[in-house]
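Here is the structure we will look at, set down as structure tokens.
Just so you know, all these numbers are worked out from the coordinates, no wet-lab data involved. Just so you know, these numbers come straight off a predicted model, no measurement behind them. Note that we place each Cβ from the backbone using ideal geometry, even for glycine, and neighbour counts take in every protein chain shown.
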Amino acid sequence: MEKRQYLVSDESLFPSGQDKIEWVRRNMALLNGIEKQFREEKPFSGLRIALSVHLEAKTAYLCEVLQAGGAEMFVTGSNPLSTQDDVAAALVKDGMSVFAVHGASPELYEECLMRVLTAEPDLIIDDGADLVTLLHTKLPHLIPKVRGGCEETTTGIHRLLAMQNDGTLRFPMFSVNDAMCKHLFDNRYGTGQSVFDGIDRTTNLIVAGKTVVVAGYGWCGKGVAMRAKGLGARVVVTEIDPIKAIEAVMDGFTVMRMAEAAKVGDVFVTVTGMRDVITEEHMRTMKNGVLMCNAGHFDVEIDVERLKQIAVEIRQMKPNITGYRLDNGNWLYLLAEGRLVNLASGDGHPAEIMDMSFALQALCAREIALHTPREPRVYAVPEAIDAYVANEKLRSIGAEVDVLTDVQKEYANSWKV
């Protein structure tokens, strides 16, 4: 076996990283159980896993669980600003090959992705499909060794489906994002809370009484709108899907085009997965002092490059807040450079939420290791895995559900009343 390699900011930071991992371990009951199972079963014995997920404490614990199952781990982040250097150092201390630095340049970020791939992995765990994309474009000779993988987020699934439709996807991938126990909870409750954790930690400003504009009313947008309402904000939703727009109206929110919402909003949160959601047209009509942030995977939803070009003054107000003064005198404040505000300005989703998402990741990775699907396409998470995670989550919080009697089962399967 080749000598282990790594690239992190500072190895000496590992003690605080270990403390963070220990804290989330105490609050991730599902992964606790899976870790015990994996230690006994060793489903990944002799296998290498390349993982690119936001590198903070909860992800680190997932890496430890996979390592407990016998995997040799090659780890990087999925966003330069979400990597926590002390957590990366802690994983190096755990004996993993880690390539991740907070604030990495685009060139260094891609180098880190390439380093985990050139280890010739057997399984891929991705967040945004960067690893899969690089394998297919720059390292296709490594693909035959890959058994398959798992994708964490909506944007990544869109990319994988586009590859599948083009006939270019060359190994099977599980759509973890579309599992019921993922998008109903992680996307909604996780994003909803963590977005405002990031905003509040960065700005220390009140939400109550402000108008919050939420761009996109998918599961993530629903969560953000719900939390904004709970914090006392007036909520405006922008959408391109008329059905989702009607749903937003019936949930009690105002729906309008971004061109109109730009005139009334105090806080803007983009969560669409689409580029150019907030453009120069909108910025020029915004009020003085607005906050803009993004909760979509890539930093393309707010046209930051154009904002830099039209600003007559740019000032770093405090960490993760950049002020842009336009020629009309108005200041617009951008949080976390337009990257994921809940991770770049915070610690991401709560541990109990990621416990469910990462339980799905771990169990789907096990499924690939032991029962590799043959056809190279995007697979739904098996219903048995989704149900297992739901039942274990209920058990961990002390909740129980009823069970159908034999008479009820017969009634449910009969066409006779």
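Summary table
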read-out: Built amide H within the under 5 Å cut-off of residue 255, gap 5+; value: 237
read-out: Simple Cβ-charge dipole of the chain, Lys/Arg +1 and Asp/Glu -1, about Cα centre, in debye nearest 20; value: 400
read-out: Listed residues 283, 28, 250, most fluctuating in the chain (Gaussian network, C-alpha, under 10 Å); value: 250
read-out: Residues with amide H under 5 Å from that of residue 148, placed H, sequence gap 5 or more; value: 124
read-out: Charge dipole of the range 176-299 about the Cα centre (unit charges at C-beta), most positive-ward option of 206, 288, 265; value: 206
read-out: Cleavage-rule hits (trypsin sites (Lys or Arg not before Pro)) in the range 369-417: DSSP loop, at most 12 neighbouring Cβ within 10 angstrom; value: 374, 416
read-out: Under the Karplus curve 6.51 cos²θ - 1.76 cosθ + 1.60, θ = phi - 60°, whole-Hz ³J(HN,Hα) for the range 29-44, x wherever Gly or Pro sits; value: 5, 5, 5, 4, x, 5, 4, 4, 4, 5, 4, 7, 8, 6, x, 10
read-out: Highest-fluctuation residue, 115, 227, 39 considered, GNM on the chain with Cα pairs under 10 Å; value: 39
read-out: The range 112-249, relative contact order in percent, only Cα pairs under 8 angstrom and at least six apart counted; value: 17
read-out: Distance between modelled label sites at residue 410 and residue 166, nm, 7 Å Cα→Cβ extension; value: 5.6
read-out: Karplus-derived HN-Hα couplings along the range 21-27 (A = 6.51, B = -1.76, C = 1.60, θ = phi - 60°), whole Hz, x at Gly and Pro; value: 5, 4, 5, 5, 4, 5, 10
read-out: Cβ-placed point charges (K, R +1; D, E -1), dipole of the range 257-335 about Cα centre in debye, nearest 20; value: 220
read-out: With at most 10 other Cβ atoms within 10 Å, longest stretch of the chain clear of loop GluC sites (Glu not before Pro) (DSSP); value: 3-399
read-out: Highest-MSF residue in the chain out of 46, 103, 296 [GNM, Cα springs under 10 Å]; value: 46
read-out: Out-of-range pairs (alpha-carbon distance over 25 Å; input 210/244; 287/308; 58/308; 36/182; 229/308); value: 58/308; 229/308
read-out: Amide proton proximity set for residue 272, modelled H, under 5 Å, gap of 5+; value: 296
read-out: Check: the range 190-344 dipole with +1 on Lys, Arg Cβ and -1 on Asp, Glu Cβ, in debye; value: 400
read-out: Hz values of 3J(HN,Hα) by residue in the range 342-354 - Karplus curve (6.51, -1.76, 1.60), Gly and Pro given as x; value: 6, 10, 6, 10, x, 9, x, 5, x, 4, 5, 6, 5
read-out: Antiparallel bridge percentage (DSSP; both residues within the chain; nearest 5); value: 20
read-out: Charge context of residue 355, other residues only, Cβ under 12 angstrom, K/R +1, D/E -1; value: +1
read-out: The range 190-344 - percent relative contact order, Cα under 8 Å, separation 6 or more; value: 22
